[in-house]
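The values are calculated or read from the model by the stated rules, or taken from the named source; none is laboratory data. These figures come from a predicted structure and were not determined experimentally. Glycine also receives a Cβ, built like all others from the backbone with ideal geometry; neighbour counts cover every protein chain displayed. Ligands, DNA and RNA are excluded from the accessible area calculation, which covers all protein heavy atoms including side chains. Shrake-Rupley method; radii C 1.70, N 1.55, O 1.52, S 1.80 Å.
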Amino acid sequence: MTKPLPMHRTSRRKLIFQIGAFMCGLGILAWFIYTANRPSNRENLDRLIHAPPATLLTLLGLSLATLSLNGTIFFVTIFPVRRVPFWDVQAANGCACVLNYIPFRAGTICRFMIHNRRNGVPLLTIGAWLGAVSATVAATLTPLIAAAVWRKQIDGPFVVAVLIGLFISYSVVLTAARTFAHARGLARLHRLTDPVGINLLNRALRSNAFHNLHHGFAMLAHPGSLAVAMSLRLIDLLVQATRFMVTAKLVGVELNFESALLISATYFLFSLSPAGALGTREGGATGIAKWLAVPGFTTESFVVIALAVTASEMIVNMTCGSIALLFIRPDRLLDSAFSGERPGEPFTTESTEITEITEKAVE
């Protein structure tokens, strides 16, 4: 009787961890709801409930803006490699954002399924696409957060530090990507790996599967696309910060822009958790607000702020996600999956090559 492969045990551990983390997140969310409904918090809730309709619409509009900005970032990132229809990317983003509330990377799986089945994008190219988007997130948020932690206020040195940091991160990503992008970059990569003499590695780097994965360098090597993606990410973070400021004002807390920037960045980063966004990001945002010693901050008041931001986002995401489902027609995706029809053949080719290389490694 053969023993299970270590990767199977690792998968089970990850599954158990994600379920446990998701339950903890739900527990945090339940505590937030309980705290928000305490009698001592009634005044904050009343302010929110009786807020002017125009302010509530502004809050919903900001949530819609961040949803559309994220979809546009995905569209811009893959544009140098493949022309995926704009509204297909927005629809996939809308569905993925809804599924990100639950664990097991359901939102990521949704993107893979939609763009492979509907748009014929190879699986590993989609993986490279997600990696390129993550690179733009890191390149944009790192200098911004570093400057905010350093200054804790928006002043001359803060602006200079952000501009210099963004220029450096942009240059580093662009230079690294251009080094290994396209045919010349691939040849350069082969010159580095061929002398090592590992046949399996050399074969993998010359496979169609790696060719699809290699597209990630081309996405980041386009100076215009990278600049636009990073600019949109910066605008998105500013929109999210404004959303927290508007919500805080509704409950009587004056949240300055510097604090809102760090809180929104924390909220966004925790929303990327593979265990699901619910609970963890609200807890993370509250923790950073406490650390920043926001004037007028109390846990009870910020609980209402975090829940209001989440509620506005969920209303927008659920609405747009439902419209996206009608646009995408998941029944057609499933029909093509069962019938074996695909918009393109790279799915079969790369799967076969990955299997062959893996079997060779096991041998």
Whole-number accessible area per residue in Å² for the stretch 159-272, which is evaluated in the context of all protein chains at 1.4 Å: 47 Å²
Inter-label distance for SER231 and ARG83, nm, one decimal - labels placed 7 Å from Cα along Cα-to-Cβ: 2.2 nm
With all protein chains modelled, accessible area of MET245 [1.4 Å, Å²]: 60 Å²
Accessible-area order (highest first, 1.4 angstrom probe) of the listed residues GLU254, GLU313, GLU300, GLU282: GLU254, GLU300, GLU313, GLU282
Options (i) 21.9, 64; (ii) 22.6, 71; (iii) 21.3, 68 - which one matches Rg and Dmax of the Cα atoms in Å as calculated here: (ii)
Solvent-accessible surface ranking, highest first, for TRP150, TRP129, TRP31 at 1.4 angstrom: TRP150, TRP31, TRP129
Relative contact order, percent, the chain [alpha-carbon distance under 8 Å, six or more residues apart]: 30 percent
Solvent-accessible area of LYS290 with every protein chain in place, 1.4 Å probe, in Å² to the nearest 10: 140 Å²
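Counting only pairs 8 or more residues apart or on different chains, how many lysine pairs in the chain have their Cα atoms under 21 Å apart?
Values: LYS3/LYS14; LYS3/LYS360; LYS152/LYS249; LYS152/LYS290; LYS249/LYS290.
Lysine pair count for the chain: 5.
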